[in-house]
1. Please list, by residue number, everything in segment 310-327 whose backbone N is under 17 Å from a paramagnetic label point 7 Å out along Cα→Cβ of Ala277.
2. Which order do peptides 319-331, 284-296, 44-56 fall in by mean Cβ count within 10 Å, highest first?
3. For the chain, what is the convex hull (Cα atoms) projected area averaged across all directions, in square nanometres?
4. Given the chain, what percent of its DSSP beta bridges are antiparallel, to the nearest 5?
5. Note down the magnitude of the dipole of segment 246-405 about its Cα centre, charges +1 on Lys and Arg C-beta and -1 on Asp and Glu C-beta and zero elsewhere, to the nearest 20 debye.
6. How far is helix 311-320 tilted off the main Cα axis of the chain, in degrees rounded to 10, range 0 to 90?
7. At what distance in nm do the modelled label points of Met45 and Glu94 sit from each other, each positioned 7 Å from its Cα along Cα→Cβ?
8. Using only the alpha-carbon atoms, how far is helix 341-353 inclined from the longest principal axis of the chain? Give it as 0 to 90 degrees, nearest 10.
Amino acid sequence: MSRQIEGVKGMRDLLPGEIELWQHVEGLARELFGRFGYGEVRTPMAEDTGLFVRSVGEETDIVGKEMYTFDDKGGRSLSLRPEGTAPAARAYIEHAINNKEPITRWFYMGPMFRYERMKTGRYRQFYQIGAEAYGSKEAAQDAEMMDMVVQFLGALELKDVTLNLNSLGDEACRPAYHAKLVEYLQAHREELCEDCKRRMETNPLRVLDCKNPTCQAVAAAGPNVLEFLCEPCRAHFDDLQRKLTVLGIKYVVNPRMVRGLDYYTRTVFEFIASHPALGTASTVGGGGRYDKMMKGLGGPDVPAVGFAMGLDRLVLLLKESGRTFTSPPDLFVAVADEGSQDAALALASRLRREGLRVDFDTRGGSLKSQMKRADKSGARFTLVLGEAERTSGQAKLKPMAGGDAIPVALDDVAKTLRAARLATAQAGPT
Ligand code: HAM
């Protein structure tokens with residue numbers, strides 16, 4: 001017997017039954033982000049490895065440990081994208097979008113790849129819905145973006161999600177904070193893991209998001225970045241908080257939050273859910289400002305801010321809510337005798353053309369087995385088509401939930417089913 005080949009660890013199949021939930025979340029995002037003026041971009045799954053090294057940062061876990069990197073047949077080093085911000089920035093630069101418009105709002109959704117230790121809510125192929133706004137350095141842009149996420153979570157009816165906020169300063173004030181942090185870390189060197197002993201020299205901020213509990217304890221007692229902000233960064237952060245208040249958005253300031261990517265300047269934020277279903281993977285989304293990244297990638301000096309939500313995690317939360325998103329068929333067409341098979345196929349075809357969801361067992365079989373299938377399909381009505389119905393042009397719609405059958409002319413089935421749909425919609429959820 002030949003060996004069964006299984007899917008790759010950490011990469012999942014999403015099947016009908018669950019996919020409707022994903023489509024629901026994606027559909028809401030498309031619609032809502034459109035209202036905020038965001039246009040969709042789709043960038044390739046693989047990029048030049050250097051793109052992520054130079055933006056996300058060599059010392060981050062993402063680039064240092066988690067990327068799927070390989071040489072293509074031409075000897076170029078490519079990486080499967082671990083995130084969407086750097087690819088979108090690369091596209092923005094390549095298409096010289098800054099020459100076309102002063103402010104650009106883009107969103108994307110799709111798979112990202114990180115070779116992470118697997119847990120609930122943490123996968124190696126996972127999905128993000130993200131957005132990036134280019135061209136405005138003002139706090140109003142940050143606030144608008146957070147408002148969009150809050151409205152998105154509201155539309156998903158997800159509660160108990162807290163917005164955490166911090167500012168990491170900029171090139172003017174961060175060096176002083178760095179110096180103080182290094183001094184502090186030096187004093188605690190022996191408590192740090194081997195990775196952090198190295199990070200301390202190369203990129204001390206990364207010590208603050210080390211997953212090792214001892215390093216976390218050291219980091220928690222370290223210097224507070226907010227006490228080092230220069231006047232313009234402080235004003236930006238204050239302005240942002242004022243604007244969030246104006247928008248009625250609740251937040252907590254968390255001076256220990258640095259995020260796991262190197263490109264941030266000033267604002268960083270995370271949306272953290274408190275639901276136990278997510279375990280330690282409670283961050284459903286995060287983002288921040290990255291005013292220097294474009295230039296660092298050889299592009300124009302364009303400020304930017306963005307975020308990405310973890311679609312897998314949003315879906316886990318929605319599943320917990322117990323809501324269903326599948327749409328059952330309006331009708332199951334059953335065949336009473338073999339001679340009616342073609343007429344039934346044609347009827348199903350016509351009704352589908354008219355916009356109805358119709359199920360039909362192409363295998364034929366006994367009426368009893370077809371009715372069993374009808375029951376299983378969750379169809380609202382069943383119509384049995386046999387010689388009598390074909391000759392008279394009259395049939396009956398049998399409500400699967402019980403109740404009297406509705407007589408109907410075969411030509412009026414679509415009209416009657418649409419009216420039934422409308423009546424249910426008006427009656428509201430049962
Ligand atoms: P990130 O925090 O690395 O940020 O990822 C954003 C979200 O993606 C996380 O909050 C989490 O919900 C989800 N996520 C990350 N890794 C995994 C995983 N292995 N499995 C499941 N979900 C995961 C970024 O990627 C930035 N590009 C966000 C951004 C956009 N910053 C500015 N613009």
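1. Counting backbone N atoms under 17 Å from the label point, the list is 310-326.
2. Numbers: 319-331: 14.5, 284-296: 22.0, 44-56: 17.8.
The peptides rank, most packed first, as 284-296, 44-56, 319-331.
3. Values: hull surface 114.2 nm².
Its Cα hull, projected and averaged over all orientations, spans 28.6 nm².
4. Numbers: 48 of 60 bridges.
The antiparallel fraction comes to roughly 80 percent.
5. Working: 23 positive and 17 negative charges, 115 e Å.
So the dipole magnitude of segment 246-405 works out to roughly 560 debye.
6. 60 degrees
7. Placing both labels 7 Å beyond Cα along the Cβ direction yields 1.7 nm.
8. 40 degrees
The values are calculated or read from the model by the stated rules, or taken from the named source; none is laboratory data. This one's a predicted model, so the numbers in the text were calculated from it and none came from an experiment. Virtual Cβ from ideal backbone geometry, glycine too; neighbours counted across all protein chains shown. When the accessible area is computed, the model is the full protein with side chains, heavy atoms only, and any ligands, DNA or RNA have been set aside. Shrake-Rupley method; radii C 1.70, N 1.55, O 1.52, S 1.80 Å.
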